[in-house]
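This report concerns only the one structure given below.
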Amino acid sequence: MSTGTTASVSTHVLDTSIGRPAAGVAVRLAARAGREDGWQALGGSATDADGRCGDLPALPEGTTRVRLDFAVEPYFERRRAAARQDAPARRDDGPGAFFPEVAVTFAVVPGEHYHVPLLLSPFGYSVYRGS
């Protein structure tokens, strides 16, 4: 899905602690033209039931850096609230997520598509360039 003159970005989020897609995670997209330029907020979306964000905004021409900001704390809070309905609270219940936000910044070149999945658990995360 390349536009030829700009890069394109997609993502999805998988909750590795339960082995399922993470639905309802808010994702914001920002871009900048160079290492020293300021970030331009482009908008955002939220993951669907399959953990995918299919409608992220297009990148402006000249983009060389992209940042995806994932708001994971509300996702884990919702998961925890649902789990509490089925089980009593435990004394060692800590915060819903050790990393409440995940920011992923990466370099892009025009004409390329970048799929950047987030593998998520309450106490860690991993990202990679997918296909």
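Read-outs: derived from the displayed coordinates by stated rules, not from any lab. If you're wondering where the values come from, they're calculated on a predicted model, not measured in any experiment. All Cβ positions, even for glycine, are placed from backbone atoms using ideal geometry, and neighbour counts span all protein chains on display.
Key figures for this structure:
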| read-out | value |
| --- | --- |
| Residue (of Gly130, Ser10, Leu119) at the positive-pole extreme of the chain, dipole from beta-carbon charges | Leu119 |
| Loop-resident sites, the stretch 35-69, for trypsin sites (Lys or Arg not before Pro), counting at most 15 other Cβ within 10 Å (DSSP) | Arg35 |
| Computed over the stretch 8-127, the ratio Rg/Rh where both radii use C-alpha atoms and Rh is Kirkwood | 1.04 |
| Dipole magnitude of the chain about its Cα centre (Cβ charges: Lys, Arg +1; Asp, Glu -1), debye to nearest 20 | 220 debye |
| Rough spin-label spacing in nm, given labels placed 7 Å along Cα→Cβ, for Ala58 and Tyr128 | 3.1 nm |
| Amide N of the stretch 8-24 lying under 15 Å from the label point, which is placed 7 angstrom from the Cα of Glu77 along Cα→Cβ | 24 |
| Selected from Ser17, Ser121, Ser45 as most flexible by GNM, with the chain as the system and alpha-carbon contacts under 10 Å | Ser17 |
| Relative contact order (percent, whole number), the chain, Cα cutoff 8 Å, 6+ residue spacing | 33 percent |
